[in-house]
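Quick note: the coordinates plus some simple rules give every number you see, no bench work behind them. Remember, it's a predicted structure, so these values are computed and weren't measured experimentally. Here the Cβ positions follow ideal geometry from the backbone for every residue, glycine too, while neighbour counts run over all protein chains shown.
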Amino acid sequence: MATLKTVFKEVFGEALEPLGFVKIKGRHPYFVRLIGDEILHVVTYTTRPTRDEGYKEFAVYGGVATVYRQHINLDISPCNNTNWFKSNLGFYKKETPLISDRKYSFDDLYTFSYNEETLIESVKHSLRMTEEIMLPILSEVTDLDLCLKHLRKYGGGWLIIYDDDEDFGDNNVHNPYIEGLLYVKTNYRGDFMENVMNQEEYETIDAQLVKHGKRGHQYKYDKYYERAQKGALHERARLDKILDNPDKYTKVIAELERRKTENIERLKSYGLKI
């Protein structure tokens with residue numbers, strides 16, 4: 001019997017390689033597309049716990065990263081990288097926050113199940129869903145400004161700005177995934193309310209308010225907006241402490257270039273051409 005890994009590489013490889021994705025060297029099923037020498041689009045899968053006897057399950061994941069994060073590690077299993085990936089379900093929920101507006105249910109996208117007879121068709125079905133939901137979102141990210149916009153919507157939790165740490169947050173256990181210094185790289189002068197207003201809590205409340213106009217939703221919206229405004233002002237102040245301080249700014253840019261150099265060497269070791 002063919003394995004899930006083998007079928008996934010064959011089915012997804014045939015569809016993704018014409019789009020610029022490359023199956024990288026190594027034993028893990030990562031397909032990576034480079035945008036210039038700064039941005040990565042990644043598509044992969046992980047196995048998931050079995051819910052129905054006689055079947056196995058998997059989920060397709062994807063994400064965007066830049067060479068300006070502390071460390072790009074595609075040597076580890078995709079299941080250990082899912083903190084910066086989203087599944088098709090995760091992307092779909094962000095795109096369609098109100099359940100009543102969704103044409104796909106949780107079970108449609110949470111996992112794809114298969115047995116020996118249905119493996120190939122299940123992977124093909126997962127590809128169709130990925131082509132419909134995930135790939136158009138990844139394909140929008142073609143420069144650093146759009147990357148920042150994408151991360152604000154789909155991965156805002158990793159956009160932390162370290163303004164006081166001499167080690168640029170290296171002591172944070174999650175630092176390898178943090179992309180907050182992209183705000184400095186892009187000289188971002190925009191409103192941080194865009195970030196907090198892209199959070200799922202706000203999107204759900206706002207969608208309910210628009211659709212139903214209920215008093216309870218208006219109260220939730222007002223309370224969320226008040227909290228969000230305070231958070232946005234705080235983030236703006238942290239960024240300005242770097243952008244408006246030549247010494248801090250110079251140190252951050254030097255750190256970003258150091259990260260880029262190291263990450264590019266790692267990407268080359270995966271067989272990617274940069």
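Just grab the label-to-label distance for Leu146 and Ala254, each label 7 Å out from Cα along the Cβ direction, in nm (one decimal).
Modelled inter-label distance: 3.4 nm.
Which entries in Lys23/Lys94; Lys93/Lys230; Lys124/Lys153; Lys86/Lys124; Lys93/Lys149; Lys185/Lys260 show an alpha-carbon gap greater than 23 Å? Could the numbers behind the result be given before it?
Working: Lys23/Lys94 27 Å; Lys93/Lys230 26 Å; Lys124/Lys153 28 Å; Lys86/Lys124 19 Å; Lys93/Lys149 17 Å; Lys185/Lys260 12 Å.
Violating the 23 Å limit, Cα to Cα: Lys23/Lys94; Lys93/Lys230; Lys124/Lys153.
Name the most mobile residue of Val42, Val141, Val11, meaning the one with the largest mean-square fluctuation, in a Gaussian network model of the chain with Cα contacts below 10 Å.
Val11
How far apart, in nm, are the 7 Å Cα→Cβ label points at Ile274 and Leu243?
With each label point 7 Å from Cα toward Cβ, the separation is 2.6 nm.
Ignoring the sites themselves, what is the longest stretch of the chain with no trypsin sites (Lys or Arg not before Pro) in a DSSP loop and at most 15 other beta-carbon atoms within 10 Å? The partial results should precede the final answer.
Details: sites that count: Lys25, Arg27, Arg51, Arg102, Lys103, Arg189, Lys214, Lys273.
Formally, the longest exposed-site-free interval is 104-188.
With N denoting the number of residues in the chain, provide Rg(C-alpha) divided by 2.2 N^0.38 Å, to two decimal places. Working shown, then result.
Details: Rg = 20.2 Å, N = 274, 2.2 N^0.38 = 18.6 Å.
So the chain has a normalised radius of gyration of 1.09.
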